[in-house]
Each structure stands twice: as structure tokens, then as C-alpha cells.
Amino acid sequence: MDAKETTEPVRSLDRRAFLTRSGVIGAGMLAAGVMPRAVREVAAQVRRDRPAITDGVASGDVSARRAVVWARADRPSRMLVEVSPTTSFRHPRRYLGPLATEYTDFTAQADLTGLPVGRDIFYRVRFQQLDNPAIVGEGVVGHLRTAPDEPRDVSFTWSGDTAGQGWGINPEFGGMRIYESMRALRPDFFIHSGDTVYADGPIPEMQPLPDGGVWRNVTTEEKSKVAETLHEFRGNYRYNLLDGNVRALNAEVPIFAQWDDHETLNNWYPGEVLEDERYRVRNVNLLARRAKRAFHEYMPVREIAAEYGRIYRKVSYGPLLDVFFLDMRTYRGPNTENTQDQRSRLTAILGRHQLRWLQHSLLASRATWKVIASDMPLGLVVPDGDLFEAVANDDEGAPLGRELELASLLRFVARWEVDNLVWLTADVHYTAAHYYDPRKAAQPNFTGFWEFVSGPLNAGGFGPNELDATFGPQVRFAKAPEIPNAPPSSESQFFGHVRIAGDSRVMTVDLKNLDGQTLYSVDLRPAAG
């Protein structure tokens, strides 16, 4: 919800002030650092009596003057947000946020407006007790950087697939270390390309390693089985937030999130009825509704009034960049042989309304670079048993099945001369750079473009996948593990880093490994005009 700006001071009863004013101890005793046991117990009780933040803070969908701020409380309370250009918070701008109640699993999101353009901003979140507004919990500070209104350097990372295939938080490995490698780059934001959780992937206490060793996971009750109830879906997000690397990145780098299949279950589509013995709830539409609710409760995604729960959207980040987030899951038809020769419900993957939105939004964009954040790759073959899960159908001829929607989009882009499109994706658990060359395509009437693939984030490594030649994709780089389901401790974890130079407008794309080392880099020059 939109946060209401307020000029009223936050009525926080500071613990030191409370103890001093209550006459329990004197200011001199505090200054000397002397705190007897009885005083420590009183101080601890004061902390317990105030609402607390349980899982750190996060921000998302940041633009020039807006940002979504997220946090979770330990009890029913009201979210309060302060914004300042410095960590001193000497003269903060204050926002009155929404209630955090059991209905939202005590999560709260405030859509801050009127922020200064192109600035580093610090925000502080606290929660206020409902029955006594004078009691306010301790604050947790986060950071974001609003989009500029003039050309300047822009930097962001992307990847996907967090904590899958049984590879969870292993303290002996340092937790989800790849998140720290992304944070260290200090990007303007991080695009999570989907599979933000693995709701269908339980985390065992131990997982065998290929070398005979053992991977030891932190475990929780909600991650002991596949998620079916709303409580269990929420528990998947809380599990990832147990990791200090994840919380540190969340606090310092805004997250632009989308979803794919594992937020619900593997390879799902609307209308599916499960035949999986692990599930008592077999109606996938019901599971997906619960999964989407948990996603929106735990990811800092701006609500879109036109359609509650909508994930596809555009985020503008200054004159150099617009990012278009797709949802290839909610509006698709069933997984089939993917060889239909005419567009229909069976061939949908974006769906008619989302495809039309994307076309119109691309046409209206005035940004130099138009990045399409796709939760699934375009030309890589992703099987679902004998059927197909993604766009490609492993037939190098003319477009068929779901390829018909992509063909329609590419024709539109060429006809209206929409320049400087770059596709970013994850899903396949390895990293690659593809150039789609119309001279080598079965359908040549489109403008050549790049697709970059990255991931996973602390999940099993797989690949490489076969490429369907319909749209002429050429592999410029690929790195995948030598064994399937390679552990995070192997060389199988990847993320991408994009930098756009403010002066030349050149986009540099780096594909990086777990430790942030660059494996491949390419400079993309914008079309003249």
C-alpha cells in the first residue's frame, strides 16, 4: 500500500530514557557502563515489550521518486519508515506505513513516494505497538539508490533459482555466499529472475556430496515437506531469510523480483491436477493462489491496481534503462508437444493481454536500453517429460506452438524499429550468452538481439541445454557443471552483472561465478539514433 507521509514525530520511548526516567538507574551509572543484573533484566523486558523486526529489511521496484520498503514484525503492529540522505537520520522524512497483522504473516510493505531523484537514500523501519503508540521498537536501517533523471552510470545484477534440489543454508560453507558476491559489487539493484524459493523442494538435514562428503543444512519444519498450506509457502520465504548473506544484500540492494514455477511447484501450469503422491492438495490453481499470496507478502513488489497480484510490470530506471518483467507462468496454456501451427490457448505462454502490454510498453519506451527480464529462456529446450516447458520445441523449422507468440513479438519490434533490446533470464541452472541472428533463423524477419542466462543461487547446477535453431541462436559462451545437480560448493553457481556507462551508453554484460570472478564479458553498443 502507499505510505502516508507524516510530519508527526515517531513516538519512541528509548530504552535508555525509559530506564533513566523511571528512576531504576541514574544517567551516571549508564555512562559508566555499569548495569547490574536486575537492570539488565529490566532492559531485556523493555525490548521484549516492543515490536521487533524478525527478518531484516528490504526494498524493491525503485524508480526516480518511488520505492517499496518491506519488513516483518514479531507481533501485530504498525510499520513506520523514516528516510534520510545520511545514516544520522537527523532530519528524516517520515512515512506512516500499513499494519502488520496475522493476515499478512506480520509482513508489511510501504510504497514510498516523493523521494529525491538520483540519490543514495537510507531508510529506517520500526514497528509501533497498536494499543500504545508511544511504544516503538528498535529500528533497522536499509539503503537504496533512486533512479536518475539524467544519464549516469547504472549497474545491476541478476540471477535466479535460490536453495533448490536440497541445497540449503550450510553454515560450514558460509551460507548462501553468492549473495555476498553480488552485494560486494554495490549494484543499483538486483533482479531475481524467478524460483525465489523452492516450495516443492524439501531441505534435508544432510545431503551427500559427490566426493563422499556431507552438506549440512539448516532445517525448519516448513521446509521438511512440499508446501501446500499458506503457512508452508510462507515458511519457504522465511527459510531463505535465515541466511545472513541474503539479509545483508536485501538491506543494501533493492530487489526487483519475478516468479517462475518453483514458487508453486515444478513445471506447473493453470488448470493442472497433480498425480504426485507427496501432495494431498492436488488442485494446482489452489496451490498457485497460496503461492502467489506468499510471494507478494515476502517480496517487495509494487501492487498494480489494474490487476491484484500481477507480476508483469515495467520499472523505469532513468533515461538509459527500462526493465520489463515478464510472467511466463500465470497465463500460459498446458505443457504439450508444442507443435501447434496456429495461436490458441494451447500456445499461450505470455497470454494475449500480457503480450499486448509488452508490445505497447516497448513502443512507448524512450530509454536507451530495454531489458526484458524473462523467467524462462527463449531458445533453450526445457523438457517436461515428453512435453515442453518453455518456448522452444526442439524443432528447428518455422515457429510452432509457444514460439508463435515470440515470433509475433519479434515481428512487432522489427516493424516499429524498437532498438536495443536485451533479454536476461535464469531457470536452467548454468550460465550462457546467446546471440539470436536473423541470418541463421528459420524466420528471419526480426532484429538480432542478445539473451544472457545465469543462475543458480545456492541450488543444484545442471546443463547445458540444447538450443532450438528456429530463431537462429548462437552460443557465444556457456559454462555448466560436469555432473547433474552439482552442489553449490562446486563451480556451478553464477550471476550476471550489467553496467551501462552514462557517457557512452555502452552496456557491458559480465557473467560471473560464485566468488564474483568474471567468466565472460561483452560490450554492447546502442543503435544510433
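The values are calculated or read from the model by the stated rules, or taken from the named source; none is laboratory data. A quick note: this is a predicted structure, and the numbers were derived from the prediction, not measured. Here the Cβ positions follow ideal geometry from the backbone for every residue, glycine too, while neighbour counts run over all protein chains shown. SASA here: full protein model, heavy atoms, side chains in, ligands and nucleic acids out. Shrake-Rupley method; radii C 1.70, N 1.55, O 1.52, S 1.80 Å.
Side notes on the structure shown:
- Qualifying residue in the stretch 171-178 (condition: open to solvent by 10 Å² or more (accessible area, probe 1.4 Å) and within 14 Å of F495 (Cα to Cα)): yes
- Restricting the stretch 305-348 to residues that are aliphatic (A, V, I, L, M), without any contact (Cβ under 8 Å) to a residue 60 or more places away in the chain and part of a loop (DSSP other than H, G, I, E, B), the residue that is nearest to R293 (Cα to Cα): I311
- Breaking point among (1) free of Cβ contacts under 8 Å to residues at least 60 places away in the same chain; (2) crowded, with 20+ Cβ neighbours inside 10 Å; (3) assigned to a loop (DSSP other than H, G, I, E, B), for G235: (3)
- Residue in the stretch 202-219 that is closer than 28 Å to G318 by Cβ, touching a residue at least 24 places away in the same chain (Cβ under 8 Å), among the polar types (S, T, N, Q) and surrounded by fewer than 24 Cβ atoms within 10 Å (Cβ to Cβ) present: no
Residue-by-condition table, conditions (1) surrounded by fewer than 21 Cβ atoms within 10 Å (Cβ to Cβ); (2) closer than 30 Å to Y179 by Cβ; (3) in contact with a Ser or Thr (Cβ under 6 Å, 6 or more places away or on another chain):
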residue: L400; (1), (2), (3): yes, no, yes
residue: E405; (1), (2), (3): no, no, no
residue: A426; (1), (2), (3): no, yes, yes
residue: R439; (1), (2), (3): yes, no, no
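- Put simply, of S361, S316, S374, S344 the only residue that is closer than 17 Å to N267 by Cβ and hydroxyl-bearing (S, T, Y) is S374.
- For the stretch 238-275, a residue qualifies if it is within 30 Å of T347 (Cα to Cα), of a type outside the set (S, T, N, Q), touching a residue at least 40 places away in the same chain (Cβ under 8 Å) and part of a loop (DSSP other than H, G, I, E, B), and the qualifying residues are W259, D260, D261, H262, E263, L265, W268, Y269, P270, G271, E272.
- Pairs are defined by a Cβ separation below 8 Å, a sequence spacing of at least 6 or placement on different chains, a first member in the stretch 284-302 that is in a loop (DSSP other than H, G, I, E, B), and a second member that is among the hydrophobic types (A, V, I, L, M, F, W, C) and open to solvent by 20 Å² or more (accessible area, probe 1.4 Å); no pair meets this definition.
- If you go through the stretch 452-467 and keep only what is surrounded by fewer than 24 Cβ atoms within 10 Å (Cβ to Cβ), touching a Leu at 6+ places or on another chain (Cβ under 9 Å) and more than 18 Å from D394 (Cα to Cα), you end up with nothing.
- From I372, I349, residue being open to solvent by less than 40 Å² (accessible area, probe 1.4 Å), under 28 Å from T508 (Cα atoms) and at pLDDT 95 or above: I372
- Tally of residues being small (G, A, S), under 16 Å from A432 (Cβ atoms) and out of contact with any Leu (no Cβ under 6 Å at 6 or more places or on another chain) across the stretch 366-391: 1
- Across the stretch 177-229, the number of residues qualifying as touching a Ser or Thr at 6+ places or on another chain (Cβ under 8 Å), of a type outside the set (F, W, Y), farther than 18 Å from E263 by Cβ and not in a helix (DSSP H, G or I) comes to 8.
- Checking T470 against (1) open to solvent by less than 10 Å² (accessible area, probe 1.4 Å); (2) closer than 30 Å to E150 by Cβ; (3) hydroxyl-bearing (S, T, Y), the condition it does not meet: (2)
- For the stretch 158-168, the count of residues that are in contact with a strand residue (DSSP E or B) (Cβ under 8 Å, 6 or more places away or on another chain), open to solvent by 30 Å² or more (accessible area, probe 1.4 Å) and not in a loop (DSSP other than H, G, I, E, B) is zero.
Here is a yes/no grid of residues against (1) open to solvent by 60 Å² or more (accessible area, probe 1.4 Å); (2) modelled with pLDDT of 95 or more; (3) closer than 30 Å to R145 by Cβ; (4) not aromatic (F, W, Y):
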{"site": "E228", "(1), (2), (3), (4)": "no, yes, no, yes"}
{"site": "V246", "(1), (2), (3), (4)": "no, yes, yes, yes"}
{"site": "R290", "(1), (2), (3), (4)": "yes, yes, no, yes"}
{"site": "R293", "(1), (2), (3), (4)": "yes, yes, yes, yes"}
{"site": "G309", "(1), (2), (3), (4)": "no, no, yes, yes"}
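- For E138: the one exception among (1) of a type in the set (D, E); (2) open to solvent by 30 Å² or more (accessible area, probe 1.4 Å); (3) under 30 Å from S492 (Cα atoms): (3)
- Failed item in (1) hydroxyl-bearing (S, T, Y); (2) open to solvent by 50 Å² or more (accessible area, probe 1.4 Å); (3) under 25 Å from T157 (Cβ atoms), with T447 passing the rest: (3)
- Of the residues making up the stretch 375-385, those that are touching a residue at least 24 places away in the same chain (Cβ under 8 Å) and open to solvent by 10 Å² or more (accessible area, probe 1.4 Å) are V381, V382, D384.
- Screening R183 with (1) open to solvent by 10 Å² or more (accessible area, probe 1.4 Å); (2) out of contact with any Leu (no Cβ under 9 Å at 6 or more places or on another chain); (3) under 22 Å from F325 (Cα atoms) gives one miss only, at (2).
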